[in-house]
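> Before we start, here is the structure in question, set down as structure tokens.
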Amino acid sequence: MVNGVPQGSVLGPVLFLTFINDLPYVVEGKVKVFTDDCKVYFKVSSDYERCKLQENLDRLCEWSDMWKLKFNAAKCEVLHINPDNDLHYRYTMLDESGHFIALSTVNEERDLGVTFESNLKFEKHISDMYNTAQRVLSLIHHSFDYMDQDMFLTIYKSIVLPLLEYATCVWSPYLLVKHICHLNYEDRLRSLGLPTLEYRRDRNDMIQVYKALHELMTSTG
């Protein structure tokens with residue numbers, strides 16, 4: 001959206017969420033809203049369904065025009081999640097000046113820190129996450145002249161591990177650690193007293209299932 005929430009405001013985000021609270025009910029299909037981001041999910045396998053999705057986009061534009069909360073059409077994109085489907089249609093939205101513009105089609109989109117690809121293999125996300133963790137490890141290596149095992153464990157658990165485990169319930173299971181030197185992976189973990197990343201991802205999955213079964217999940221949209 002063109003309009004946003006003032007940084008540092010306490011009441012602003014609450015008022016903004018209250019203001020846009022009816023947005024998901026304007027369209028058919030699934031709509032997810034997070035702060036000032038909006039995502040519409042729709043199954044499209046025919047021209048009729050393409051028209052229905054375009055109608056929903058038009059309704060969103062009408063809603064935004066009514067409430068003077070324009071979408072930034074230049075930043076709106078279309079991601080087709082089905083590599084076997086050749087029906088990649090084009091869609092339009094109103095820009096700030098009131099003209100219809102064609103939405104660009106992308107093969108990947110970053111959403112809440114996770115890069116989604118059209119084939120849902122998350123290769124780009126894992127590559128970026130791996131490279132980020134490598135850069136952090138390199139920074140740690142060049143920032144300390146001396147580091148014992150306890151120091152490394154504290155830094156690794158607080159800075160590196162969260163990078164590797166962020167949103168694992170979305171993109172896991174998949175390849176993570178590709179390059180190991182000196183000791184092998186299991187021996188490294190054993191010497192540091194750490195469980196494997198696979199074990200921790202399985203544990204996170206079980207926690208998410210427990211939350212879902214006991215209605216402890218929170219949802220927006």
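The values are calculated or read from the model by the stated rules, or taken from the named source; none is laboratory data. None of these values were measured; they are calculated from a predicted model. Cβ: placed from backbone, ideal geometry, glycine included. Neighbour counts: every protein chain shown. With ligands, DNA and RNA removed, areas are computed over all heavy atoms of the protein, side chains included. Shrake-Rupley method; radii C 1.70, N 1.55, O 1.52, S 1.80 Å.
> Within the stretch 70-102, track down each residue that is crowded, with 17+ Cβ neighbours inside 10 Å, hydrophobic (A, V, I, L, M, F, W, C) and in a loop (DSSP other than H, G, I, E, B).
F71, C76
> Have a look at F42, F19, F34 and point out the one that is open to solvent by 50 Å² or more (accessible area, probe 1.4 Å), closer than 22 Å to K75 by Cα and touching a helix residue (DSSP H, G or I) at 6+ places or on another chain (Cβ under 6 Å).
F42
> Right, something else. I'm checking my understanding of the structure. Among residues of the stretch 45-54 that are touching a residue at least 24 places away in the same chain (Cβ under 8 Å) and either loosely packed, with under 13 Cβ neighbours inside 10 Å or among the hydrophobic types (A, V, I, L, M, F, W, C) (or both), which one is nearest to K75 (Cα to Cα)?
Restricting attention to the stretch 45-54, the residues satisfying the condition of being touching a residue at least 24 places away in the same chain (Cβ under 8 Å) are 45-47, 50, 52-54.
Restricting the remaining residues to those that are either loosely packed, with under 13 Cβ neighbours inside 10 Å or among the hydrophobic types (A, V, I, L, M, F, W, C) (or both) gives 45-47, 53.
Working: S45: 25, S46: 26, D47: 25, L53: 18 Å.
Result: L53.
> Which members of the stretch 106-118 meet the condition of being open to solvent by 60 Å² or more (accessible area, probe 1.4 Å) and not in a loop (DSSP other than H, G, I, E, B)?
The answer is E108, E109, R110.
> Scan the stretch 124-168 for residues that are under 30 Å from D111 (Cβ atoms) and part of a helix (DSSP H, G or I) and report the count.
The qualifying residues number 29.
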